[in-house]
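What follows is a single structure, written as structure tokens, with notes after it.
The values are calculated or read from the model by the stated rules, or taken from the named source; none is laboratory data. All values reported here derive from a predicted model rather than from experimental measurement. As a convention, Cβ positions derive from the backbone with ideal geometry for all residues, glycine included, and neighbour counts pool all protein chains shown. The protein model used for the area step is the full one, side chains on, heavy atoms only, and it has no ligands, DNA or RNA in it. Shrake-Rupley method; radii C 1.70, N 1.55, O 1.52, S 1.80 Å.
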Amino acid sequence: MEDMYEVVKEYVIDEYVEDDSEVTLDTPLISGGIVDSFSMVSLKRFLENKYNISIPDDKATPEAFDSVNKICALVKECIG
Amino acid sequence: MAYSDKTRGMYNDILYGLQDAGLFKQERVIHSPQAADIEVEFPTGSSLKKVINICANNYLGLSSHPDVVKAAHEGLDSHGYGMSSVRFICGTQDIHRQLENMVSKFLGTEDTILFPSCMDANAGVFEAILTKDDVMISDRLVHASIIDGIRLCSAMHDTFKHSDMAHLENKLQLHHDRRLKMVITDGVFSMDGDTAKLDEMAVLCDKYDALLFVDDSHASGFIGKTGRGTHEKYGVMDKVDIITTTFGKGLGGASGGCVSGRKELVEMCRQKARPYLFSNTIAPPVVAGVIKVLEILSATTERRDKLESNTEFWRKGLTEAGFVLKEGDTPIVPVMLFNAKLSQDVSRDLYQEGVYAIGFFFPVVPQGQARIRTQISAGHEIHHLEKALDAFSKVGKKYNILGKAKQEIIEMYGM
């Protein structure tokens, strides 16, 4: 099975990083200005499609999407 | 007293913080009408200085055009100073309807609704038209007023990388299941001066059954062969569903804006757009002025043609002098300096040389992309541009940046 952390990190880099900035599992994505809150929706939809889950809107907060580690924790919670 | 010393201190701390961060905006007071030659008091209290203005949105040089000023005077005499009302109560005059019809004809659209500003048009249009079942997909560099309008709308929102059509297509596929999809872009991007690829966007919108929205504030009146805008330049006059634009730039420079496009969408704005419903009607003299502007621009392309040749002259001059420019063919010509302090120093020195041009740096533009944004006008004569080029060359030489590539400038001054 693909490493979820690598999959999410790769998506974030491909989707949001437009220079050579490094992204680690703990890099602050939203509070660090890499992902703006406007663009979060595509990340949410990507995760829902990829892992066949539904992320409730009240859990899809900027805080919950603020790093690859936090995103993966949320996905695991939704997978159950 | 509710406004305590503690409260005052809190706000002062915020304002000092802006000053410390170099983000505090200082207004320069102009004592003359808007034109190529202006008289400026800066710093406050200093004697007036005559300078060439090279940073106004006065693209067509109509802000102080005698025919426009005369028309505004006549509108004041015939229709009064104000209407003391919103449009739908008792604020719609014959000239408001006349202007809406003229804008529709000029832009080649079905209908038009006036707003107090294009900021208001962008703030109101999305929530009037879209619902939570829809999606808005916007270019990542759209104007702040569009971002605010998107925030006020309940529809889902997503973005695509600037001018990246493959990425836009991915997003249209991702959101295929939404009731309506709207692709949102500026026609001309105000900081870089580049244009949206409306021909490619129109094809994608057709393919994925999406609406196409363009803010043409930095285009109306002069982009395209007859100045209709970006949709004319790209040959998609009938493919854009909504255009918002301003009368505060090329089209006279006073104030006001509009939503123009499919008649049902315009009617939805008339019924539901809150900045329209709860703001006063545009003042009669301003309406009369814009009507005259459209008459001038419909009669001849002389002014946009002059703007085009002035822009070519200016770009060529700066390139030959050895500056690094953003590529493009619009009257927005960014002179790239990369370093924020350098952009401020160059702006200050240009002012001393009699040229008024402003430096832009983060967060207005991305980190490491500081610049002087120059804006050319049909109101400039060649002697203005020659003098401004001399000033740029003198200041560029002082900072040793002429003929230097991006990396060399960054090595000298940092990002």
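All Cα-Cα distances of the range B:155-203, cut into 5 Å bins from zero to the largest, leave 4, 18, 31, 24, 15, 6, 2 percent in each bin in turn.
Quote to one decimal, in nm, the extra length available between B:LEU23 and B:GLN173 on full extension: 0.36 nm per residue of separation minus the C-alpha distance between them. Provide the component values of the computation, followed by the final result.
Values: separation 150, 0.36 × 150 = 54.00 nm, distance 3.98 nm.
My answer for the length gained is 50.0 nm.
For the range B:61-116, would you read off the P(r) tail past 16 Å as a percentage of all alpha carbon pairs?
Looking at the range B:61-116, the distances longer than 16 Å represent 56 percent of pairs.
Surface composition of the protein assembly as shown: carbon and sulfur atoms hold 52% of the protein heavy-atom accessible area at a 1.4 Å probe.
Distance distribution note for chain A: the fraction of Cα pairs above 20 angstrom is 22%.
The Cα trace of chain B gives Rg and Dmax of 22.1, 63 Å, the first to one decimal, the second as a whole number.
Between 0 and 90 degrees, the angle of helix A:4-16 with respect to the longest Cα principal axis of chain A falls at about 50 degrees.
Quick one: in the range B:66-299, what % of C-alpha pairs are over 31 Å apart? Value for the range B:66-299 (Cα pairs over 31 Å): 19 percent. The residues of the range B:1-136 present an accessible area of 56 Å² per residue when probed at 1.4 Å with all protein chains retained.
The alpha carbon convex hull volume per residue for the protein assembly as shown rounds to 186 Å³.
At R0 = 51 Å, how high is the FRET efficiency between B:LYS394 and A:THR24 if r is their beta carbon distance? Nearest 0.05 is fine. It comes out at approximately 0.60.
In chain B, the longest principal axis of the Cα atoms and the axis of helix B:340-352 are about 80 degrees apart.
Averaged over the residues of B:394-406, the number of partner chain Cβ atoms lying within 10 Å of the residue Cβ comes to 0. By the Kirkwood approach, averaging reciprocal distances over each pair of separate Cα atoms, the range B:204-259 gets a hydrodynamic radius of 11.7 Å.
Across peptide A:39-46, the mean count of Cβ atoms from other chains lying within 10 Å of each residue's own Cβ comes to 5.
Of the whole protein surface, B:HIS167 contributes about 10 Å² of accessible area at a 1.4 Å probe radius. Taking chymotrypsin sites (Phe, Trp or Tyr not before Pro) in DSSP loop conformation with at most 14 other Cβ atoms inside 10 Å as exposed sites, chain B has its longest uninterrupted site-free stretch at B:82-277. For the range B:105-202, the equivalent ellipsoid derived from the alpha-carbon gyration tensor has semi-axes of 20, 18, 14 Å in decreasing order.
For chain B, the longest principal axis of the alpha carbon atoms and the long axis of helix B:94-107 meet at an angle near 70°. Approximating the spin labels as points 7 Å out from Cα along Cα→Cβ, the B:ASP5-to-A:ASN69 distance works out to 4.5 nm. The range B:373-415 has equivalent-ellipsoid semi-axes of 26, 12, 7 Å, by the square roots of 5 times the alpha carbon gyration tensor eigenvalues, sorted largest first. The gain in end-to-end length when the B:GLU200 to B:ARG274 segment is fully stretched comes to 23.4 nm, 0.36 nm per residue minus the alpha carbon separation. Where the centre of each part is set by its Cα atoms, how far does the range B:59-85 sit from the range B:25-47, in angstrom? Answer, in whole Å: 23.
In whole angstrom, the range B:1-74 maps to an equivalent ellipsoid with semi-axes of 37, 17, 12, each derived as √(5λ) from the alpha carbon gyration tensor and ordered largest first.
Relative to the globular-protein estimate of 2.2 N^0.38 Å, the Cα radius of gyration of the range B:51-149 stands at 1.37. Along chain B, counting only GluC sites (Glu not before Pro) with a DSSP assignment other than H, G, I, E or B and at most 11 other Cβ atoms inside a 10 Å radius, the longest segment between sites is B:28-326. Based on alpha-carbon atoms, the Kirkwood radius and the radius of gyration of the range B:309-381 give Rg/Rh equal to 0.96. Estimated at the nearest 10 Å², the accessible area of B:HIS384 is 10 Å² with a 1.4 Å probe.
Here's the list of lysines a cross-link from A:LYS9 could span, going by alpha-carbon distance under 26 Å and ignoring same-chain residues fewer than 8 apart: A:LYS44, A:LYS50, A:LYS59, A:LYS70, A:LYS76, B:LYS161, B:LYS171.
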